[in-house]
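Enquirer: My questions all concern the structure below.
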Amino acid sequence: MSWFTSPQRDSREDIRAARQALAFAGYPLSQATTEYDKYLYRVRAALASHRHTLRAGFLAGVALAVALMLTAGVLSFLLVVIFGSGVPSPGPAGPTVVPGTEDAGTSDRSPLDLVLPAATSMVILGVAGAATALVTRGRWRGAGVLVTFSDVAPRQTYLLQTVAVWVGIGALMVLAVRWRGDEEMVTGAIVMLAFAGIPLLAFFFYAVFPSLYRWLLPRVSPLDAAAFARPIIELEVALQIDSERETHGRGTFHRAFYDRSAWADEVLARLDVSRSGRRRG
């Protein structure tokens with residue numbers, strides 16, 4: 001279905017016009033496409049509502065948790081297959097079995113022993129994803145992507161916010177271990193989490209999460225980011241062209257680059273930008 005494969009949230013005409021503007025600015029076609037797609041994602045991330053941001057981030061975190069569990073399950077299976085033959089076999093008479101204890105090691109297990117840890121992991125990483133999505137939203141809003149295309153300057157406060165997110169996630173993981181584990185297990189598990197588990201998980205999370213979130217956001221948020229991005233890009237490029245005309249002389253520039261110059265005039269007139277009131281950037 002189109003929602004899952006490739007939802008068309010953005011106006012195709014606005015996408016084409018914005019890429020054309022970048023071509024007028026001197027970008028090669030491939031670079032114009034790359035830069036525009038990057039900017040469009042940032043605009044969407046900054047413009048999305050809190051509800052859609054949280055939903056897309058949570059789903060991305062849950063998907064990452066499922067991928068981690070599947071990977072761990074496959075690796076465990078492979079280890080059993082590869083090293084299973086190395087388990088010492090019983091003697092000629094076979095193992096000694098005490099009647100009534102054949103399933104003593106497994107009789108106390110229940111489906112909850114697997115379901116609860118899995119559900120807990122998905123919830124924790126879902127919360128991490130939702131919080132990270134909010135940080136991403138604030139990051140690009142603070143960088144000015146809703147105002148400018150070329151002068152984006154991310155503020156470094158998002159790094160502190162990211163650390164705060166993972167301090168909270170670490171606390172949730174410790175609480176989950178204390179809830180499910182016995183006293184002897186808790187101390188060792190907490191040490192492992194603090195010095196290895198949480199840092200490795202955070203590294204893997206930020207290696208995979210951005211791509212998942214970028215894929216999910218347009219499937220959750222219905223906004224047309226291209227319609228918002230187009231006038232920002234067109235205005236900056238038109239002002240750049242007008243500045244070059246003033247520097248090199250309008251007559252020569254106009255004859256040499258008629259299409260580019262006429263396009264700039266059309267954009268400035270359409271966006272109603274007065275010569276005295278406009279500023280670059």
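The values are calculated or read from the model by the stated rules, or taken from the named source; none is laboratory data. A quick note: this is a predicted structure, and the numbers were derived from the prediction, not measured. Here the Cβ is made from the backbone with ideal geometry for all residues, glycine too, and neighbour counts use every protein chain on show. Protein only, heavy atoms only, side chains kept; ligands, DNA and RNA dropped before computing areas. Shrake-Rupley method; radii C 1.70, N 1.55, O 1.52, S 1.80 Å.
Enquirer: So which pairs qualify, if the first residue must be in segment 144-166 and in a helix (DSSP H, G or I), the second must be of a type in the set (Val, Ile, Thr), the Cβ gap must be under 7 Å, and the two must be at least 6 apart or on different chains?
Expert: So the pair list comes out as Tyr158/Val135; Gln161/Val135; Thr162/Val135; Val165/Thr132; Val165/Val135; Trp166/Ile198.
Enquirer: Which residue out of Ser150, Ser121 is small (Gly, Ala, Ser), in contact with an Asp or Glu (Cβ under 7 Å, 6 or more places away or on another chain) and at pLDDT 80 or above? Can you show your working first?
Expert: Values: Ser121 fails: in contact with an Asp or Glu (Cβ under 7 Å, 6 or more places away or on another chain).
Sole residue among the options that is small (Gly, Ala, Ser), in contact with an Asp or Glu (Cβ under 7 Å, 6 or more places away or on another chain) and at pLDDT 80 or above: Ser150.
Enquirer: Next question. Filter segment 49-61 for residues that are more than 13 Å from the chain's Cα centre (by Cα) and part of a helix (DSSP H, G or I) and give the result.
Expert: First, the residues of segment 49-61 that are more than 13 Å from the chain's Cα centre (by Cα): 49-52.
Selection gives His50, Arg51, His52.
Enquirer: Let me ask something additional. Consider only pairs whose beta carbons are under 6 Å apart and that are at least six residues apart or on different chains; among these, list those whose first residue lies in segment 210-239 and is under 10 Å from Arg9 (Cβ atoms) and whose second residue is in a loop (DSSP other than H, G, I, E, B) and open to solvent by less than 10 Å² (accessible area, probe 1.4 Å).
Expert: Short answer, once both residue conditions are applied: Ser221/Ala48.
Enquirer: Continuing with this model, one more query. Within the group Pro210, Pro218, which residue is surrounded by 20 or more Cβ atoms within 10 Å (Cβ to Cβ) and either in a helix (DSSP H, G or I) or modelled with pLDDT of 95 or more (or both)?
Expert: Details: Pro210 fails: surrounded by 20 or more Cβ atoms within 10 Å (Cβ to Cβ).
Matching residue, one of Pro210, Pro218: Pro218.
Enquirer: For segment 49-56, state whether one or more residues are without any contact (Cβ under 8 Å) to a residue 60 or more places away in the chain and either buried (at least 17 other Cβ atoms within 10 Å of the Cβ) or closer than 21 Å to Leu223 by Cβ (or both). Can you show your working first?
Expert: Step one: filter segment 49-56 for residues without any contact (Cβ under 8 Å) to a residue 60 or more places away in the chain, giving 51.
Those still in the list that are either buried (at least 17 other Cβ atoms within 10 Å of the Cβ) or closer than 21 Å to Leu223 by Cβ (or both) too: 51.
Among the residues of segment 49-56, at least one is without any contact (Cβ under 8 Å) to a residue 60 or more places away in the chain and either buried (at least 17 other Cβ atoms within 10 Å of the Cβ) or closer than 21 Å to Leu223 by Cβ (or both), which makes the answer yes.
Enquirer: Sticking with this one: From Leu79, Leu68, which residue is at pLDDT below 95, surrounded by fewer than 11 Cβ atoms within 10 Å (Cβ to Cβ) and assigned to a helix (DSSP H, G or I)?
Expert: Leu79
Enquirer: Among residues belonging to segment 221-238 that are part of a helix (DSSP H, G or I) and not aliphatic (A, V, I, L, M), point out the one that is surrounded by the most Cβ atoms within 10 Å (Cβ to Cβ). Give the steps one after another, and end with the answer.
Expert: Of all residues in segment 221-238, those part of a helix (DSSP H, G or I) come to 225-238.
Imposing the further condition that a residue be not aliphatic (A, V, I, L, M) reduces the set to 228, 230-231, 234, 236.
Numbers: Phe228: 18, Arg230: 23, Pro231: 16, Glu234: 26, Glu236: 19.
In this case the residue turns out to be Glu234.
Enquirer: Additional query: Restricting attention to segment 36-48, which residues are open to solvent by less than 50 Å² (accessible area, probe 1.4 Å) and either part of a helix (DSSP H, G or I) or modelled with pLDDT under 95 (or both)?
Expert: If we filter segment 36-48 for residues that are open to solvent by less than 50 Å² (accessible area, probe 1.4 Å), which is where we start, we get 36, 39-41, 43-46, 48.
Selection gives Tyr36, Tyr39, Leu40, Tyr41, Val43, Arg44, Ala45, Ala46.
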